[in-house]
Every structure is written in structure tokens, then in C-alpha cells.
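What follows is a short report on a single structure.
The values are calculated or read from the model by the stated rules, or taken from the named source; none is laboratory data. These numbers come from a predicted model, not from an experiment. We place every Cβ from the backbone using ideal geometry, glycine too, and count neighbours over all the protein chains shown.
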Amino acid sequence: MRVEKTIIYAFALAGLLLGGCQCSRTGPDVSQDFNIPDSLKDKQEVELSEGVTEKMVENISSPVETAALIKRLKVPFNKDFLISTDVADHLNTNFEKALGLGLYGTDLGYLNMYEKTSSVLNYISSVKSLADGIQVGQFFDFATLKRLASNNENLDSLIYISQQSYNKIDRYLRTTNRASLSVVIVTGVWIEGMYLSTRVAQITKNRKMEESVADQKVVLATLIPILRVYERDQDIKGLADRLESLRELYDEVRITYEQGTPETRIVDGKLVVEQKDKQIVDYSPELMQQLMNEIISIRTELITPKG
């Protein structure tokens, strides 16, 4: 299923949706489309085209999809996977708060998947605090979100409200020359989703979970150049630099595609053509262990209070 065009929708999915999405990652390596000219990096604020952000979000694994896979594997809920809400009290700068929104949003997806209602309310409170901190809390109807999350009812309404909230945030950040924060938020989503996948892959040794880590090579190859657009901000530069160590490991992951025969079927009276291409991800056990160790290291550094 094709996700929404705005980059911020990935966070909406991470935080409050209770259903999964199937994000397409078949086809050639789209990272080649993200060679951003050095001339763009000289500008203080660069507005990325909708097409650029769309391509990146199309290829990012929804953290809710990850949570759904975890649950299908019958892996018990583990609260130790989550970031303590106490960490939010130490996120002081706009950069830290935006990153925290992405990280905590992903944890909300994990909590919702396991219907941990009491904890969900605590994490929603943390999200509210962080959102208020970067002046975007006005776009959330937190009272309604808490009621819907607590009752596990009206899921369509929960999805709609969260989606609309984050779309408004994205537009607001752009109009106030803070588009970089949208990229930081979605980077937080990606990092925490990778962390959850890694922890479960370590426990289960499940091939699909490992592949969900390995095939994110494509996303990282697009994410780093987009962060580089805003690297005049030293925090964003530091984040991009830190992710480079992970990218170097991903260089050893090989992703190829085997073309399949399209299948046609009738859906609601319309002819639908489904591509049956197969993605093949190749990596050694040693490389997978290195990838997982580096992901855990990056996430640990990001949530450790400074000073």
C-alpha cells in the first residue's frame, strides 16, 4: 500500500495507528535519485520537493508494520525495549525534541500493537510535552487521542485525527522555515523502528526480522543526503555523521531483484495488476551482528542525557 506523500505521515503511522501498512520496497535501488548537489548545501534552508520526500517515505518501513511482524512472531511484549518517558525531561533543544517525537512515536506504535493502554497514556503525555516544546502542540487534540487510545475503539477516528495532526505539523514547520525538523522527526522514527527490529531479531533469529533490518540499506542511502541538506545545523550534521558508520556497514549488504510475472485480478469491478517481483537480500551472519550492534549503539547514544 502506498503511504502518504508528506514525510511527516511516517511519524503519524508510527505513533498512533493501530494497523499496519505494506510499504513497497521492490524495484531498483532508489537511492540513486537522492544525489543532492553540493550547491544546495550552502543554503540555510532548502525546501525539498514533494517528490523527494515521497520517494523516501515510500521506501521506509512503517514502525507499525514492524510491530505487526513482531507480534505475528508471538514475541512477548518487552517494556525494556522502550525508551523511558523520563528521558523526555532531558530533551531541551528543538533538535532533541523533534528527534524525541520520532523515537517516542515509534514506541507508541509498539505499545498500541500490544494494547498496553496505561503505558500508551504516559507516552502520549511525553509526546504532548515534546510537541509543545517546538510549538506544534496546538495541532494535536490530545484529549480525544487519549480517549480513543484508552478505549481501543473508533480506530478509524484515531487514524484520521493523528494523520491530520501530523500533516498540519509538517506544513507549519515548512511555513515557519523549520522544515529540517520534519526530517529529524522521521529520522527518529526510522532509528527507533530499526532498534525494535534489531532487538527482536536478536531474540528470535528469525530470517524475516533480519531482512527487515538489512533491506533498510535503501532508506539510509536516501536519508543521509536529505539530512546533509540541513547540515549547517551542527546537531543535524552530527546525526548524519553518526549514521555514516552504519552506512559503511550497509555497503556490504547486497540487494537484488528478481522479476516476476504480474498477476491480474478483479477488485470492486476493476482490473488490478499486481507485480510479483522478488527482493533478495544477501548478508553474512557476521555482518548482521555488526549492523545490529551499531544500531543499538546509535540509539543508546541518542537517548543518553548530555552532560
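A few comments on the model shown:
- Residue list for the stretch 222-260, filter: of a type outside the set (V, I, T) and at pLDDT below 90: Y257, E258, Q259, G260
- Residue in the stretch 204-250 that is nearest to the chain's Cα centre (by Cα), counting only those that are assigned to a loop (DSSP other than H, G, I, E, B) and in contact (Cβ under 8 Å) with a residue 24 or more places away in the chain: Q216
- Against the numbered list (1) at pLDDT below 90; (2) within 30 Å of A143 (Cα to Cα); (3) in contact with a Leu (Cβ under 9 Å, 6 or more places away or on another chain), V184 comes up short only at (1).
- Residues that are more than 10 Å from V136 (Cβ to Cβ) and either crowded, with 24+ Cβ neighbours inside 10 Å or modelled with pLDDT under 75 (or both) within the stretch 158-179 comprise L158, I159, Y160, I161, S162, Q163, Q164, N167, listed in sequence order.
- Here Q202 meets each of (1) surrounded by 24 or more Cβ atoms within 10 Å (Cβ to Cβ); (2) among the polar types (S, T, N, Q); (3) at pLDDT 65 or above with one exception, condition (1).
- One residue stands out among those in the stretch 73-109 that are among the aromatic types (F, W, Y) and in a helix (DSSP H, G or I): the one that is modelled with the lowest pLDDT, which is Y104.
- Qualifying positions in the stretch 254-275 - part of a loop (DSSP other than H, G, I, E, B), without any contact (Cβ under 8 Å) to a residue 24 or more places away in the chain and closer than 30 Å to E211 by Cα: Q259, G260, T261, P262
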